[in-house]
Every structure is written in structure tokens, then in C-alpha cells.
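Structure provided below as C-alpha cells; questions to follow.
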Amino acid sequence: MRILFVTAGSPATVFALAPLATAARNAGHQVVMAANADMMPHITGSGLAGIPTTHRPIREFITQDRQGNPESIPSDPVEQALFTGRWFARMGAESLPRMLEFARSWRPDLVVGGTMCYVAPLLAAHLGIPHVRQAWDAIEADGIHPGADTELAPELAELGLDRLPEPELFVDICPPSLRPANAGPAQMMRYIPANGQRRLEPWMYSRGERRRICVTSGSRVAKDSYDRNFEFLRGMAKDVTAWDVELIVAAPQEVADALTAELPGLRAGWVPLDVIAPTCDLLVHHAGGVSTLTALNAGVPQLLIPKGAVMERPALRIAERGAAITLLPGEDTAERIADSCEELLARPGYRERAGELSAEIATMPLPSHVVAALEQLR
């Protein structure tokens with residue numbers, strides 16, 4: 001089979017699909033992964049062939065409508081979810097012509113798209129081939145998809161549709177006990193951490209005697225006024241460096257350089273989270289899906305501070321399981337963060353519950369087993 005995997009404009013979305021794409025290639029199928037042009041180094045660095053969907057970066061679709069008018073993120077949670085669907089849909093509409101051109105030459109048998117990769121169902125409908133949706137993380141997108149349907153009305157009308165077609169198969173990587181009560185049927189798949197790698201240094205895979213905290217705000221954080229995740233990292237680094245702990249800030253190098261300029265001696269930079277997480281006593285982060293699942297896979301307690309409304313419900317479910325503390329907007333004061341970190345470090349129950357979720361993840365079907373389900377769709 002020829003399988004086209006379509007992801008989006010951030011490294012995390014590439015890494016989320018890389019395990020299944022790699023398993024499909026290792027099973028003998030021809031595999032190509034498509035994403036925004038600036039994601040090509042992450043795709044090829046994962047050992048996969050890459051094709052650009054668009055040369056525009058993801059940020060442009062967030063900040064501008066199709067006519068180039070400025071957009072801003074709504075504060076209302078419901079509107080924020082719909083807004084997310086709209087800007088992902090704008091990226092899908094921009095990508096469709098290029099993907100149709102590529103498909104006419106390469107002729108895929110199956111399209112596998114990430115959670116909000118809306119070009120995948122559009123392309124599959126044009127080609128008359130099956131479409132699979134693979135979850136990027138444990139964040140449900142039910143409130144997001146309607147925004148995409150609205151934004152893509154012209155593209156859907158061309159196909160005689162009024163909403164995006166449902167996938168023939170949904171692959172979910174969320175541990176079953178953390179899925180919403182109303183979650184639909186899915187082909188479950190074990191979460192395999194995938195991230196950018198680098199030459200390891202001893203401190204990355206071993207630790208000293210002090211408690212170790214890793215703080216991250218994901219792979220897409222940037223040092224500019226638009227990115228509130230940078231301010232989150234900056235504030236956390238300033239607060240935690242005063243504690244008697246070993247602090248590691250996992251961030252792109254440009255961001256790390258900006259932080260270490262203010263805080264000399266801070267250990268910050270791009271580190272493989274799959275390597276560093278098992279050495280940590282605590283992960284503190286923005287509740288991004290990949291960071292969350294990587295910590296769960298390692299059995300590490302988490303302090304979750306969601307930086308987006310769609311991240312809140314999944315973060316609260318992990319807290320309800322006793323594997324994390326979640327601080328919602330308005331609760332994330334410096335004092336509450338410090339108290340929560342101390343509680344997570346002091347009470348062994350959090351690590352025990354995190355270990356239970358890690359064991360649950362380990363029982364889920366491997367990507368190599370899920371390839372068989374893809375083969376049945378041909």
C-alpha cells in the first residue's frame with residue numbers, strides 16, 4: 001500500500017504520527033508524511049520521506065483569516081475551541097491544491113491524518129479512498145470540529161457535503177481509563193514517545209541527589225510577544241531556580257538562550273523528553289498532549305497548567321485519577337504553583353497513580369499491530 005500521513009505545523013504533531021508511520025513503513029508499505037514546509041527537518045529526522053503541504057508557517061493561520069485580516073484568540077472556552085477548528089481548517093484549505101497535485105502523481109491508497117488535519121478527509125473524498133484519523137494526544141476535539149465545518153463550507157460544497165466526512169477508522173492513543181465517558185469506538189494504540197533527538201550528555205539520562213523537576217512548554221514555544229507559553233516558561237524558571245531542586249527547562253535552543261541570558265547557570269535547551277522524563281520527580285508544563293502522555297508513559301507525576309481551554313478537561317481527568325494536580329486559569333499563582341509542586345513531590349500517592357497509568361499504556365496495542373487494521377481498509 002501507499003499510505004500518506006498528514007500532520008500539521010508543529011513538531012509535536014509530527015512526532016505523534018511518526019510511530020505509526022514508521023511501523024507501516026517497516027511492514028513494507030510505501031509511506032510519505034506531509035506537513036507545513038518548516039516541519040520537513042522533523043519528518044526527515046524521524047527517518048520518513050516528507051512533502052510540504054504549504055510553505056506558510058502555522059502561526060499565520062492562527063493570526064490571520066483567509067483574506068489576511070488579523071484574528072485574535074477568543075477568551076470564551078466554547079468560542080476558543082471553534083476558533084481552533086477554523087484556523088486548522090484554513091491551513092487544510094491552503095494545503096488541498098498542493099496535496100491534490102501530489103496525489104495525482106503518487107496515488108495513495110490511504111490517507112492518515114492527525115486530529116485536526118482537515119486536509120486529510122478533504123483529500124480522501126476527492127480521491128475516493130479511505131481516510132483514517134489518528135489522535136495526536138489525549139485532547140478530545142468534539143468542540144473543535146464544528147468550527148472546521150463552518151470554515152470549510154466552500155470546499156465541502158464542492159464535494160456535495162455540508163460537514164467533514166467521518167473517518168473509516170479512528171486510532172486513539174489516550175489510555176482507556178482517561179477517555180471521556182461518551183467517547184466513540186476506536187482502534188486503540190499504545191503511545192510511543194517520539195521527539196527530536198540529540199547527542200546525549202550524562203545528565204540527561206542520570207541524576208544527582210537533589211529532586212529533579214523538568215519544566216516545558218512544548219516544541220512550538222517561541223520568544224515573541226504573541227506566545228504566552230514563553231512567558232509561562234520564563235516565570236516558572238525564575239520561581240523554581242530559588243528552590244532546592246535540580247531544574248531542567250526543555251525548550252527550543254533560541255528560547256533556552258533567552259532564558260539563560262536572564263538566569264545564568266540555568267540548565268535549558270532542547271532535550272529528548274523521552275530520555276529525561278524517567279529521571280524526573282515531577283514534570284511541570286502547559287498540559288500539551290505530547291508532554292502529558294510522555295510523562296504518563298514514564299509514570300511521572302505532573303503539575304498541569306493548561307494554556308488553552310481545550311486542554312483543561314483532559315488535564316482535570318488526570319488530576320481526578322490522582323496522577324497530577326491541575327491549576328486552571330486564575331489558580332496558577334506563584335504561591336499555588338510552589339505549594340502544588342511541594343505536594344506532588346512529598347506525597348507518594350501521585351507517583352503510584354502515575355505508575356498505574358504507565359502500566360495501562362504498556363498494555364495497549366503497539367503501532368505494529370495497528371498496521372494490520374490499516375491494511376484491512378484497502
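The values are calculated or read from the model by the stated rules, or taken from the named source; none is laboratory data. The model shown is predicted, which means the values in this text are computed figures rather than measured ones. Positions of Cβ are backbone-derived with ideal geometry, glycine not excepted, and every protein chain shown enters the neighbour counts. Heavy atoms of the whole protein, side chains included, go into the accessibility calculation; ligands, DNA and RNA do not. Shrake-Rupley method; radii C 1.70, N 1.55, O 1.52, S 1.80 Å.
Around GLY299, with a cut-off of 10 angstrom between Cβ atoms, what is the net charge of the other residues, counting Lys and Arg +1 and Asp and Glu -1?
Around GLY299, the charge tally is 0.
Further, regarding this structure: Give me the distance between the Cα centres of region 157-219 and region 1-58, rounded to whole Å.
Using only Cα atoms, the two centres lie 15 Å from each other.
Over the chain, with every protein chain in place, what whole percent of the accessible area is carbon and sulfur at 1.4 Å, could you tell me?
Using a 1.4 Å probe with all protein chains present, the chain comes out at 50 percent carbon and sulfur.
Then there is this: On average, how much accessible surface per residue is there in region 40-172, in Å², for a 1.4 Å probe, leaving out ligands, DNA and RNA?
Values: 5710 Å² over 133 residues.
Ligands and nucleic acids excluded, the figure is 43 Å² per residue.
How much net charge surrounds ALA27 when only other residues with a Cβ under 15 Å from its Cβ are counted (Lys, Arg +1; Asp, Glu -1)?
Combined, the nearby Lys, Arg, Asp and Glu give +1.
Here is a further query. Helix-derived [θ] at 222 nm for the chain: sum -39500 (n - 2.57) over DSSP H runs of at least 4, divide by residue count, nearest 500?
Taking each H run of at least 4 residues, the total per residue is -13000 deg cm²/dmol.
Based on Cβ point charges of +1 for Lys and Arg and -1 for Asp and Glu, what charge dipole magnitude is obtained for region 2-172 about its Cα centre, in debye rounded to the nearest 20?
Here region 2-172 has a charge dipole of around 740 debye.
From the residues ALA256, SER46, ALA183, which one has its Cα farthest along the dipole of the chain in the positive direction, the dipole being from +1 and -1 charges on Cβ of Lys/Arg and Asp/Glu about the Cα centre?
Positive-most Cα among the choices belongs to SER46.
Here is a further query. All other residues with a Cβ under 15 Å from the Cβ of ARG66 taken together, and with Lys, Arg as +1 and Asp, Glu as -1, what is their net charge?
With Lys, Arg at +1 and Asp, Glu at -1, the net is -3.
Taking the Cα centre of region 2-172 as the origin and placing charges on Cβ (Lys, Arg +1; Asp, Glu -1), which of ALA24, LEU159, TYR118 is farthest toward the positive end of the dipole?
It is ALA24, whose Cα lies furthest towards the positive end.
Determine the distance separating the Cα centre of region 76-92 from the Cα centre of region 245-324; give it in Å without decimals.
25
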